[in-house]
Structures are given as C-alpha cells and as structure tokens.
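Below is one structure, written out as structure tokens, with a few remarks after it.
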Amino acid sequence: MPLFVRPFLASLIGMGLLLAGLHTPALAASEEPITLTIENQTAAPLRCVAVLAHFVTRDLPEAAPNQALTVTLERNLSQGTLAYDKHGSIPMMLENILCGDAARWDDTRADLPLLALRSDPAPRFIMTCRNGEGLTCRLRAP
C-alpha cells in the first residue's frame, strides 16, 4: 500500500468513529413516558415554552386562567434525562420549560423546577403556577 494512502485511510476511520460517537440513539427500553400538568392559577393566559438541546424551542399550548395544560415527556431515570418532541426519530433532550403571562412573556417568564421529574419515579406530576412577586410555579402531589 502506498504511504500516502495510510494517512487518508486513518482519517476516514477516525472520522467514522467520531460520527458514530455523535449519534444519539433512539429511546432506550429504560425510558418511559411521564406527564406534567401545568395549572394556571393566574388571571391571564399562561404561555409555556419547552427549551430543548441545541437552542431549539417548542411552544406548548396556552393555558387559560384557571385551566391547565398537560405535556407528555420521555424520562430516563438512570440518566436523569427528559425528552420532548423528536427530530425525525431521535428524541430532543429537554433542558427546561419556561412559563409566563402570554401578553408579557419576556417580562414575566419563570423557570419550572424540573429536578423532581428527572429523579422521582412517579409517572405523573402537577405544577401549579401563581402570581405573587412574579410568577412562581411549584410542584405538588398529583
């Protein structure tokens, strides 16, 4: 084999291994669906946005005052990961959910505390959002 071919083949093999490592596998058997219900206990419509990996966002349905919205997420308890939506067949990892007054979302948005969803084995969660000193959303028992 000519000497100039060896570095070329090594580059191709290295690139293949790199691309294989970047592949995100489809949902594993240890991932399970869970539901999160977000109750709007404010006087205005509540807008929520799912913040996904790679700077992708997805608007969730608005919740009218004294109404709720429910989203289904995929959770892997052993890894502590949550996924929402898919890009093709690959789940998009959920970083956070932000909620706020639909008319003044930039000024009122708040992070939902999702840590319990990542570690608690329960299949259902309820988050209640209220106005006080800004919007606060707290997890409560279903």
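The values are calculated or read from the model by the stated rules, or taken from the named source; none is laboratory data. All values derive from a computational prediction rather than experimental measurement. In this analysis, Cβ positions are derived from the backbone assuming ideal geometry, glycine residues included, and neighbour counts consider all displayed protein chains.
Tabulated values for the structure
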| quantity | calculated |
| --- | --- |
| Flag for residue 122 being of a type in the set (A, V, I, L, M), in contact with a strand residue (DSSP E or B) (Cβ under 9 Å, 6 or more places away or on another chain) and either part of a loop (DSSP other than H, G, I, E, B) or without any contact (Cβ under 8 Å) to a residue 12 or more places away in the chain (or both) | yes |
| Residue selected from segment 53-63 under the condition in contact (Cβ under 8 Å) with a residue 24 or more places away in the chain and in a loop (DSSP other than H, G, I, E, B), by the criterion surrounded by the fewest Cβ atoms within 10 Å (Cβ to Cβ) | 62 |
| Selection within segment 83-108 - free of Cβ contacts under 8 Å to residues at least 40 places away in the same chain and either of a type in the set (A, V, I, L, M) or in a loop (DSSP other than H, G, I, E, B) (or both) | 88 |
| Single condition residue 66 does not satisfy, out of (1) surrounded by 13 or more Cβ atoms within 10 Å (Cβ to Cβ); (2) part of a loop (DSSP other than H, G, I, E, B) | (1) |
| Leading residue by the ranking (modelled with the lowest pLDDT) among those in segment 83-142 that are among the acidic types (Asp, Glu) and closer than 18 Å to residue 70 by Cβ | 85 |
